[in-house]
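Data block below; observations after.
Each value in this text was obtained by applying a stated rule to the coordinates, not by laboratory testing. Model, not experiment: these values are computed from the prediction. Positions of Cβ are backbone-derived with ideal geometry, glycine not excepted, and every protein chain shown enters the neighbour counts.
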Amino acid sequence: MSNLRSRLLTAVVAAPLLLGLLYGLPWFAWGAFVALALGVASFEYFAMTHPEDGLAKWVGTAATLGLYALCAVTDFGARGGVGWVLLALTSVVPAALLYTLFRPLEQKTAMLRMAALSLAPLYLGVGFASNTLLARVHDEMSTRRVGAGFVVFSLMVAWLSDTGGYFAGKGIGGPKLYASISPNKTWAGAIGGLGGSVVGALLAHFWYLPELPLGKGIIAALLAGALGQLGDLCESLMKRSVGVKDSGGILPGHGGILDRVDALLFVSGVLYAMQRAGWLIP
């Protein structure tokens, strides 16, 4: 209960700030805020994967922020600069391999460090960029409110899924979902999480994003919510592999930034792809 109170207090403080950024300022203000969160998340990530290599934290974070900025500004090349985006994406792995080659440290862990360094810009940079690009939907619509609404939709799908899963799991219990990775998660919690995501779609359609068709919104929420839960499990597996409980402690009751956005990265990617394809709001 103390953890739940900490979570609620953090949400109460953060919500007005986030909404003010989204609805009161241009999209790039939200993009700057997301970049700040990405910087912290990257440091948390590299503190887990490269605990003995302080330089890797700076190099990896710089590469992740660079790819994020390029993808967010160019909309993955849709607004120009597609060649630069392709060059950056295809350079991630070779750059990570070369960095590790010239800074080998412990050779027995070199392959894992290569893989971790390659993954970060793609996992974090692209995932965070997808969320920022949801705020740019207003560039193609009539008002800024639509882009802000898409971001709020992504947040609600991810975080109401977490809330629904928490209460359903605690209240019903039952068989474990994936006990070896996340022993507290149950199948009841997973279903409750999907219910929370659907609530997010209902709130969007009937409240702050009426342009979102109800049926498509529910389908998008179910798909994104399910993948978001898998994203949560993926980050749990990462933490278990390096023997840590939380990625950080910057958010009371939530752990680190990476702990808070593990599902959101997947949710944002799905919603961005669906909107870019013209399926949600033509």
Can you give the longest run of the chain that contains no GluC sites (Glu not before Pro) sitting in a DSSP loop with at most 13 other Cβ atoms inside 10 Å? 141-282
Partners for Lys170 among aspartates and glutamates (Cα-Cα distance below 14 Å; same-chain residues under 8 apart left out): Asp162
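State which stretch of the chain is the longest one without any exposed trypsin sites (Lys or Arg not before Pro), exposure meaning a DSSP loop state and at most 15 other Cβ atoms within 10 Å. Could you put the intermediate results ahead of the total?
Values: sites that count: Arg79, Lys245.
The longest such stretch corresponds to 80-244.
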Taking the structure as given and computing log10 I(q)/I(0) by the Debye sum over Cα atoms at q = 0.15, 0.17 Å⁻¹, which label from [x] -1.06, -1.38; [y] -1.49, -1.68; [z] -1.18, -1.44 fits? [z]
Straight-line reach only, C-alpha to C-alpha below 20 angstrom: list the lysines that Lys176 could link to, leaving out same-chain residues fewer than 8 apart. Lys185, Lys239, Lys245
Give me the distance between the Cα centres of the range 147-200 and the range 11-49, rounded to whole Å. 22 Å
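Mind sorting Leu9, Leu38, Leu70 by how few other Cβ atoms lie within 10 Å of their own Cβ, fewest first? All intermediate terms of the calculation are to be shown ahead of the outcome.
On the way: Leu9 12, Leu38 25, Leu70 19.
By the 10 Å Cβ count, ascending: Leu9, Leu70, Leu38.
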Set of aspartates and glutamates near Lys108 by C-alpha distance (under 20 Å), chain-local residues within fewer than 8 positions excluded: Glu52, Asp53
